[in-house]
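Undergrad: What follows is a structure written as structure tokens; I'll ask about it next.
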Amino acid sequence: MENVIDINYFKLFAGYALMLIPIWALWYYKTGLVTDTIWAIIRMTVQLLLVGLYLEYIFILNNVIVNIGWVIIMSIIATYTIIKRSNLKYKSFFFPVLISGIFSIAVSDVYFLGYVVKLNDIFDARYFIPISGMLMGNTIKNIIIALDSFYKRIQEEENLYRWFLANGANRNEALQPFMKEALKVAFNPLIATTAIMGLISLPGMMTGQILGGSNPNVAVKYQIMVLVTIFASTVISVVLTIVISNRFAFDAFNNLKKEIFRK
């Protein structure tokens, strides 16, 4: 670890100059995303600096309840982010998104840390918190894409959905084409990225391990399992989120509730 080159705070903040290019592009094309981008970078910076500060103490404490509590807090923050970016109502989607996310992470952590890595304590802070955070971070984008595609398409093609129901399909059968399309839209980029990840780049965890002094072969094996776990966790989370949220998004007559969308 002593060979790791540190980045001092002056150089860290000087690195933000790179953001001038995307901010200018967003401003030039009048996207309306400049303010959101700046605030996102500020929140990310503050959050990560605070995380680095107190994770050091959490790792030293290494208490099961504290570790689980921290992952739940991360899940709640991720849930708010997903619903906000999907332009859906918190009231209808908070529970489905949160429960689906926690379930997928629990299954993935138990299998990866308990069975593959064979930790004596799967709640060990140095493994449990980073792996859970990595799963969460890589799942958010796909859930947003899937939710947006699924409910927007039903709203736009309500006549097609009604046609399926009128021809004898139950709600699940009528929703299957929309689910199929949502999964394709959400996972085509992930499949492509996963297929060529090792050829075009060193993914985050692998880079961190190598910079930290790990043997590249060990880092590669960990990265393979991390990518597999991320993919499985993301699919589980996306499918469960849509399936559970359908119970809140439709009324007793199988009509999509208009009030689930934020204006």
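The values are calculated or read from the model by the stated rules, or taken from the named source; none is laboratory data. Just so we're clear, the structure is a prediction, and the values are computed from it rather than from any experiment.
Undergrad: Quick one: is residue 114 at positive phi, at pLDDT 90 or above and not hydrophobic (A, V, I, L, M, F, W, C)?
TA: Details: at positive phi: no; at pLDDT 90 or above: yes; not hydrophobic (A, V, I, L, M, F, W, C): yes.
The answer is no for residue 114.
Undergrad: Okay, next question. For residues that are assigned to a helix (DSSP H, G or I) and over 25 Å from residue 137 (Cα atoms), scanning just the range 15-31, find the one that is farthest from the chain's Cα centre (by Cα). Walk me through it before giving the result.
TA: Let us first name the residues in the range 15-31 that are assigned to a helix (DSSP H, G or I), namely 15-28.
Remaining after also requiring over 25 Å from residue 137 (Cα atoms): 24-25, 27-28.
Values: 24: 27, 25: 26, 27: 27, 28: 29 Å.
Checked the range 15-31; the qualifying residue farthest from the chain's Cα centre (by Cα) is 28.
Undergrad: Checking the condition closer than 30 Å to residue 120 by Cα and not small (Gly, Ala, Ser), which residue from 33, 26, 48 passes?
TA: On the way: 33 fails: closer than 30 Å to residue 120 by Cα; 26 fails: closer than 30 Å to residue 120 by Cα.
Going through 33, 26, 48 in turn, the sole match is 48.
Undergrad: Let me ask something else. Can you tell me how many residues in the range 35-70 are under 15 Å from residue 12 (Cα atoms) and in the same structural domain as residue 106 (by TED's automatic domain parsing)?
TA: Qualifying residue count, the range 35-70: 0.
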